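Structure first, commentary second.
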Amino acid sequence: MRLLLKSATIIDKQSVYHNKKQDILIENGIIKEIAEEISTTVDKVIDKKNLHVSRGWFDSSVSFGEPGFEERETIANGLDTAAKSGFSSIALNPNTAPVIDNNGAITSVKSKAAHHPVKLFPIGALSLKGEGVDLAELYDMKQGGAVAFGDYKSPIKNPNLLKIALQYAQNFDALVQSFPQENRIAGKGMVNEGQSSTSLGLKGIPNLAEELQITRDLYLLEYTGGKIHIPTISTKKSVALIREAKNKGLDVSCSVAVHNLIFTDELLQDFDTNTKVLPPLRIKEDTEALIAGVKDGTIDMVTSDHNPIDSENKKVEFDNALYGTIGLESAFGALNTLFSTEEVIEILTKGKQRFGLKDIAIEEGNVADLTLFDPDKQYKFTEAHIFSTSQNSIFKSYSLKGKAFGIITKTGDFGL
């Protein structure tokens, strides 16, 4: 298969072609030639208005549904959604039924994605059944292809379990994840504790619930060594705590969800259950600190935290709705309203190294791992832009800037 990209502006700081408009010839998944003008016989020409190309984007926190919740999202449709949204690789959370907590489960989800252009990298549950009691078989899952271990949106209550996990994981250089919430402080809260929660009569989750858990986890990391990833932080002090830990030399990384950068708890006024996310939407002071943390590198990656929830669990009273929003489709367009396009590409690619994935520059002779996009397309996000089976998007009616065309990887192209 020979593909030719015409007049594509390359955005790749690792490449000598950065910010240059070039033709790119791809043959059987390999970049054969990059030049200002290429004339040759090919199977497919990709010639789009304002075409830009970058290294393939990566999302470090994606949930589908299969196995167990196929009505929310199958692996097949989820990967199609990722490809159309510009993501050439995703890390899949273990919040399935049964939970992905053994080698067989890791192998199963990988096999279902084997021939898709999007590369799926499973995150194994840290504890058996995700119950936070006994450590799962981490080494076996690592052998099966797991890239990290964590219980999705479920904090590790027992500090000794996390201590043992961090010590054990060092034997095979594994990345341990710990969701930052102390449930005994969060209690029955469901939104940010503050003026909005009080005026709306909703139980709140204080910033302290997150910050206390992060403080505990960083103390444990300092004691045990190893490496930890703290997914989806949401407060100003969390950024400061992680910045301080990095300055001390601790091997810690963290992420933030796109919606926690964009929205505040003022969005809750209409009781739209799509705004019920975990961690909750905070206040402007927190979003500003999170954006600054992304810019200075304290926050290592931004995730869509894509979590499809079926309408039966969203179109209910706010108290009874499940947490979560889809986000793959809107991630690029939302980030591109906050940062420059070059910054966005860096944000969407630099998480690969932390998860042990290859990040391949756009150079002749390299394997193609590319995202194609228009960074200037402005539009209002509607249901027509949703590819997921579930429709629970917090970004409905929000104005976005930038849209992906699709991806090209060694396995093939999609969305083009």
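The values are calculated or read from the model by the stated rules, or taken from the named source; none is laboratory data. Worth saying up front: this structure is predicted, and the values here are computed from it rather than measured. Backbone-built Cβ (ideal geometry, glycine too); neighbour counts: all protein chains shown. To get the accessible areas, we keep the full protein, side chains included, count just its heavy atoms, and leave off ligands, DNA and RNA. Shrake-Rupley method; radii C 1.70, N 1.55, O 1.52, S 1.80 Å.
General remarks:
- Those residues of segment 205-236 which are under 22 Å from the mean Cα position of the chain (by Cα) and either open to solvent by 60 Å² or more (accessible area, probe 1.4 Å) or basic (Lys, Arg) (or both), in sequence order: 227, 236
- Residue that is least open to solvent (accessible area, probe 1.4 Å), among those in segment 320-341 that are hydroxyl-bearing (Ser, Thr, Tyr) and in a helix (DSSP H, G or I): 330
- Whether a residue is assigned to a helix (DSSP H, G or I), open to solvent by 50 Å² or more (accessible area, probe 1.4 Å) and modelled with pLDDT of 95 or more was assessed, and residue 364 does not pass this test.
- Within segment 106-136, being free of Cβ contacts under 8 Å to residues at least 60 places away in the same chain, in a loop (DSSP other than H, G, I, E, B) and surrounded by fewer than 15 Cβ atoms within 10 Å (Cβ to Cβ) holds for 114, 131, 133, 134.
- Complete set of residues in segment 272-307 that are crowded, with 24+ Cβ neighbours inside 10 Å and among the small types (Gly, Ala, Ser): 304
- Summed over segment 258-280, the residues that are under 18 Å from the mean Cα position of the chain (by Cα) and farther than 16 Å from residue 322 by Cβ give a count of 5.
- Within segment 6-28, if we keep just the residues that are open to solvent by less than 20 Å² (accessible area, probe 1.4 Å) and charged (D, E, K, R), the residue that is nearest to residue 55 (Cα to Cα) turns out to be 12.
- Positions within segment 34-46 being within 11 Å of residue 3 (Cα to Cα) and open to solvent by 10 Å² or more (accessible area, probe 1.4 Å), in sequence order: 40, 41, 42, 43, 44, 45
So that you can scan it fast, the table gives a plain yes or no per residue for (1) modelled with pLDDT under 95; (2) in contact with a Phe, Trp or Tyr (Cβ under 8 Å, 6 or more places away or on another chain); (3) outside any strand (DSSP E or B); (4) crowded, with 24+ Cβ neighbours inside 10 Å:
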site: 54; (1), (2), (3), (4): no, yes, no, yes
site: 59; (1), (2), (3), (4): no, yes, no, yes
site: 64; (1), (2), (3), (4): no, no, yes, yes
site: 70; (1), (2), (3), (4): no, no, yes, no
site: 77; (1), (2), (3), (4): no, yes, yes, no
site: 81; (1), (2), (3), (4): no, yes, yes, yes
site: 88; (1), (2), (3), (4): no, yes, no, yes
site: 94; (1), (2), (3), (4): no, yes, yes, yes
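- Single unsatisfied condition, residue 38 versus (1) aliphatic (A, V, I, L, M); (2) touching a residue at least 40 places away in the same chain (Cβ under 8 Å); (3) not in a strand (DSSP E or B): (2)
- Members of segment 265-289 found to be without any contact (Cβ under 8 Å) to a residue 60 or more places away in the chain and among the β-branched types (Val, Ile, Thr), listed by number: 287
- Lone unmet requirement of (1) open to solvent by 10 Å² or more (accessible area, probe 1.4 Å); (2) under 29 Å from residue 17 (Cα atoms); (3) not in a loop (DSSP other than H, G, I, E, B) for residue 370: (1)
- Segment 373-416, residues that are open to solvent by less than 70 Å² (accessible area, probe 1.4 Å), modelled with pLDDT under 95, in a loop (DSSP other than H, G, I, E, B) and out of contact with any helix residue (DSSP H, G or I) (no Cβ under 9 Å at 6 or more places or on another chain): 416
- Within segment 146-175, considering residues that are among the small types (Gly, Ala, Ser) and over 16 Å from residue 95 (Cβ atoms), the one surrounded by the most Cβ atoms within 10 Å (Cβ to Cβ): 165
- Residues located in segment 342-353, provided they are within 25 Å of residue 145 (Cβ to Cβ), modelled with pLDDT of 95 or more and open to solvent by 50 Å² or more (accessible area, probe 1.4 Å): 353
- Residue count for segment 244-302, restricted to those that are assigned to a helix (DSSP H, G or I) and under 16 Å from residue 354 (Cβ atoms): 4
- Qualifying residue in segment 64-73 (condition: within 17 Å of residue 406 (Cα to Cα) and among the aromatic types (Phe, Trp, Tyr)): no
- Residue within segment 103-111 that is among the basic types (Lys, Arg) and farther than 26 Å from residue 407 by Cα present: no
- Number of the condition not met by residue 358 [criteria: (1) closer than 28 Å to residue 209 by Cα; (2) modelled with pLDDT under 95]: (1)
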